Amino acid sequence: MSRLTISDRVVLHLSRYELLSEDEFNAAWDLTQDGIAASLRISRAHSSLELKKLKEKGKITEYQSHFKGGKVKRRAYRLTQTGMEYARHLKESAEEEGIDIMPMLDMKRCDPKKLWESVGEENLDALGLACILRCSVPRTDLPETSKPVIPADVNGMTLLSDIVKRNVVSVADEERRREWHSAAADYWLDRDNVRERLYHLVGAGRSKDACRLVAAEKDMLTTDIDGDLVNILAKLDDIPEKYATEVLPVKISASVWSGDLKAAGPMIASLTEMDRDIGVLYSADLETRKGNRSGALDIIRSIDAADRFEVVLGKAGVLGRLGMAKEALDLLMDVKESLVRAGSVDGLDRVYIQMADVSAANGDDDSSVNYLTKALGVTNDIGRRRIYRMLAVSYGAIGMTSKAKECALKAK
């Protein structure tokens, strides 16, 4: 065996599925013409030609089958007995000559540099974009390629394993990775996915754009913190002064959420220099997290900015976490009544949400549910998802499992 022909590679590819039955309801996508082309990194036309030759030689047979997620049947291919015998011969010959055939059949097994070279320069940026994206997207959303290097499932969604993605990205230089991240960030611009856009803006080194996004979506991000967001924000440096008072609170909240109180300290100090009242609020909250109740109270008592909406809400939140629910709720009730007298609902949802937080922090989950229900009536679409997430927790705390599940679904 001097080399494997495309026809040989098709046979070896199909041999990996020889134990599957023809009447399988959900056949493997890799058994279709498109799946074979994508797996072997050849054109669809080339795949069609080779399959026709193999069928004429009696090495393969075709049949109709459903595929996962597909509504109609498609043609699939499998080896005949003759094809299986030929595949075994190819494997034995390859083993005798010390040839590793798996990299030729599976992108996951292919050496990253060899995979990079086999794709072709004209296709690299399209594949790179597909690999840098963390989500599966419609294949038609990505640039066309001269050969099918970006596999797609029966619904036309990109189908690249994490291993392949890591391999491709690992070979690219820093400048090219940043270009891919930048293209990915622009992809999410009009697709209502703040988290993914932020991830790629940070990866592209577009700090100013990332900070602008965080500032615009501060409330949503602060209430949607998880390990992934913590990692993204940790890489967001070079914050322009223009956005610092909006971005630092989100980064501080993420650090506190992750338990990294040490990292939060310097950021709070920087924030205090720019906005004393807000910075002092975070200082009080930090002392609360450290268990320094008296220190937190001393700090919170030093704040006298009753005319600032953000400060009053933050002060009430700290008081609530300190167990001073009545004082916190009284503060928030005053704010609520002021908004009602002014005939404004702008910010009313945040007041109710803070009331719910204070109630939940003090074990009154029934009141928390009540406040959150009121918040639903005066919020926008983004706020509604946030509130449903909180309702799911509150309903769960009072044992209303079905309501908790219903709210969790609405929060998605």
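The values are calculated or read from the model by the stated rules, or taken from the named source; none is laboratory data. The structure presented is a predicted model; accordingly, all values stated were derived computationally and were not measured. Quick reminder, even Gly has a Cβ in these numbers, built from the backbone with ideal geometry, and neighbours come from all protein chains shown. The protein model used for the area step is the full one, side chains on, heavy atoms only, and it has no ligands, DNA or RNA in it. Shrake-Rupley method; radii C 1.70, N 1.55, O 1.52, S 1.80 Å.
Worth a mention:
- Cα-centred dipole magnitude for segment 256-412, charges only on beta-carbon of K, R (+1) and D, E (-1), debye, nearest 20: 640 debye
- Part-to-part distance (alpha-carbon centres) for segment 118-156 and segment 35-78, which is given in Å: 20 Å
- Most positive-pole-ward Cα, SER136, ILE239, ILE252, against dipole of the chain from beta carbon charges: SER136
- Taking the protein heavy atoms of the chain in the context of the full set of protein chains, the accessible area attributed to carbon and sulfur is 49 percent at 1.4 Å.
- Segment 140-264, accessible area per residue, ligands and nucleic acids excluded (1.4 Å, Å²): 48 Å²
- Mean shadow area of the chain over all directions, Cα convex hull, nm²: 25.7 nm²
- Dipole magnitude (debye, nearest 20) for the chain, charges at Cβ of Lys, Arg, Asp, Glu: 980 debye
- Taking 0.36 nm per residue of separation and subtracting the Cα-Cα distance, full extension of the segment from LYS57 to GLU144 would add 28.0 nm.
- Simple label model, 7 Å out from Cα along Cβ direction - GLU97 to ASP226, nm: 4.9 nm
- Computed extension length for SER294-HIS66: 75.4 nm, one decimal, from 0.36 nm per residue of separation with the Cα-Cα distance subtracted.
- Helix 207-216 axis versus longest C-alpha principal axis of the chain: approximately 60°, rounded to the nearest ten.
- If the chain linking ARG75 and PHE309 were pulled fully straight, counting 0.36 nm for each residue of separation and taking away their Cα-Cα distance, it would gain 77.9 nm.
- Candidates GLY205, GLY399, GLY35: whichever shows maximal mean-square fluctuation once the chain is modelled as a Gaussian network with Cα springs under 10 Å: GLY399
- The Rg/Rh ratio of segment 257-339, with Rg taken over Cα atoms and Rh as the Kirkwood radius over Cα pairs, comes to 0.98.
- In degrees, nearest ten, helix 325-341 long axis to first principal axis of the chain (Cα): 90 degrees
- Relative to the longest principal axis of the Cα atoms of the chain, the long axis of helix 309-321 makes an angle of roughly 90 degrees.
- Peptides 253-265, 226-238 ordered by average Cβ neighbours within 10 Å, highest first: 253-265, 226-238
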